[in-house]
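Remarks on the structure that follows.
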Amino acid sequence: MSEVTVRKQKLHENTVKTRLIIFGTLAVLLIVCSFFSAHLTPYDPYLQNLDIAKQAPNTEHLLGTDRYGRDMLSRVIAGSRASIFSTLLLVAVITAVGTAVGITCGWTGGWVDTVLMRISDVFLAFPGLVFALAVAGSLGGGLQNAMIALAAISWPKYARIARSQTLSQKETQWMKAVRLSGSGTGKIILKHILPNILGPILVTSVLDIGTMMMELSALSFLGLGAKPPIPEWGSMMSDTRSLMTTSPWIPFSPGIAIFLSVMIFNLLGDTIRDYADPKSRR
């Protein structure tokens, strides 16, 4: 290997590490700020004052006010809690459920594998957002029902990843030796299978955060997610979409928040994938 190639590899690795630190820090700050959002709002996000309704951005209200005179910056900050934490909870649930199903299918095999994989095929056959709209609509709307709808359609991807990884680990020589040593199934899965398949699953889950955030916001925008006056970015855009031409800063404020959050998590996911993939270091 030439010296030039080695330098290029080191430069690429350093670039990826720098990106990982930057986007990881931004993602952590975003999560921490959303957790403490109630203490970071400059004004009460629910306080109405019709005397200052629809004010354009100014020194007192950096993002202006809405039709009820509520500070938009405070509303956006308060809405981060519902938008971000509901997304993180949703991704955690579908990751856990999908991984458990996939490991069960890959390790057990037989009719269990056949039945569960055919069920996942049924869910994968439907367009994701259309199916989520139908489920959320039948459940009556609300943020919790929107999360249930998206969870119902999103777990099969993780099940397939976990199943394929489990099958590849199951046939290795060292795994056969572990099984011959007399270790129980639970111990083998928790101590040997799960740690070795967790990498690609976690990368997929981080990449899914941005997607789930947009889909949750879309359901809220269509009236099937969070309901006003709860400050959630999608419902805030839906509630103020009629002001797009007269007071554009009102619907744009939560829209920009969604854009920036999705971009940060997507870039973090791409960076983690590059960092974890040995081929990208060549």
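Kindly provide the set of residues from the range 214-231 that are in contact with a Lys or Arg (Cβ under 9 Å, 6 or more places away or on another chain) and at pLDDT 85 or above, ordered by number. Once the filter is applied, which keeps residues that are in contact with a Lys or Arg (Cβ under 9 Å, 6 or more places away or on another chain) and at pLDDT 85 or above, the range 214-231 yields S220, F221.
Just for the range 65-79: of the residues that are in contact with a Lys or Arg (Cβ under 9 Å, 6 or more places away or on another chain) and crowded, with 23+ Cβ neighbours inside 10 Å, which one is nearest to P229 (Cα to Cα)? Residue satisfying both the conditions and the ranking: D66. Taken across the range 246-255, residues that are among the hydrophobic types (A, V, I, L, M, F, W, C) and touching a residue at least 24 places away in the same chain (Cβ under 8 Å) do occur, with at least one present. Note on the range 140-159: among residues that are more than 14 Å from M212 (Cα to Cα) and free of Cβ contacts under 8 Å to residues at least 60 places away in the same chain, the one that is nearest to the chain's Cα centre (by Cα) is P156. Among what's in the range 243-258 and is over 17 Å from A53 (Cβ atoms) and either modelled with pLDDT under 85 or among the small types (G, A, S) (or both), pick the residue that is surrounded by the fewest Cβ atoms within 10 Å (Cβ to Cβ). Looking at residues that are over 17 Å from A53 (Cβ atoms) and either modelled with pLDDT under 85 or among the small types (G, A, S) (or both), I get G255. Exactly one residue out of A82, A53 is modelled with pLDDT under 90 and crowded, with 21+ Cβ neighbours inside 10 Å: that is A82. Mind checking whether some residue in the range 222-242 is out of contact with any helix residue (DSSP H, G or I) (no Cβ under 8 Å at 6 or more places or on another chain), among the hydroxyl-bearing types (S, T, Y) and either under 21 Å from K54 (Cβ atoms) or part of a helix (DSSP H, G or I) (or both)? Within the range 222-242, one or more residues are out of contact with any helix residue (DSSP H, G or I) (no Cβ under 8 Å at 6 or more places or on another chain), among the hydroxyl-bearing types (S, T, Y) and either under 21 Å from K54 (Cβ atoms) or part of a helix (DSSP H, G or I) (or both). Of all the listed residues (L202, L190, L198), the sole one being over 18 Å from W107 (Cβ atoms), of a type outside the set (S, T, Y), surrounded by fewer than 18 Cβ atoms within 10 Å (Cβ to Cβ) and out of contact with any His (no Cβ under 8 Å at 6 or more places or on another chain) is L202.
Here the range 101-123 is the region considered, the condition is being surrounded by fewer than 16 Cβ atoms within 10 Å (Cβ to Cβ), hydrophobic (A, V, I, L, M, F, W, C) and within 24 Å of the chain's Cα centre (by Cα), and the residue that is farthest from S168 (Cα to Cα) is V122.
State all residues of the range 177-186 that are farther than 17 Å from L167 by Cα and assigned to a helix (DSSP H, G or I); if no residue qualifies, say none.
Result: L180, single match.
Reported count of residues in the range 11-49, each being out of contact with any Leu (no Cβ under 9 Å at 6 or more places or on another chain), under 17 Å from A257 (Cα atoms), surrounded by 14 or more Cβ atoms within 10 Å (Cβ to Cβ) and hydrophobic (A, V, I, L, M, F, W, C), is 2.
Residue by residue, here is whether (1) in contact with a Phe, Trp or Tyr (Cβ under 6 Å, 6 or more places away or on another chain); (2) touching a residue at least 12 places away in the same chain (Cβ under 8 Å); (3) aromatic (F, W, Y); (4) assigned to a helix (DSSP H, G or I) holds:
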site	(1), (2), (3), (4)
A56	no, yes, no, no
E60	no, no, no, no
G106	no, yes, no, yes
V112	no, no, no, yes
V130	no, no, no, yes
S138	no, no, no, yes
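The values are calculated or read from the model by the stated rules, or taken from the named source; none is laboratory data. This is a predicted model, so every value here is computed, not measured. Cβ sites come from the backbone with ideal geometry, for glycine too, and all protein chains shown count toward neighbours.
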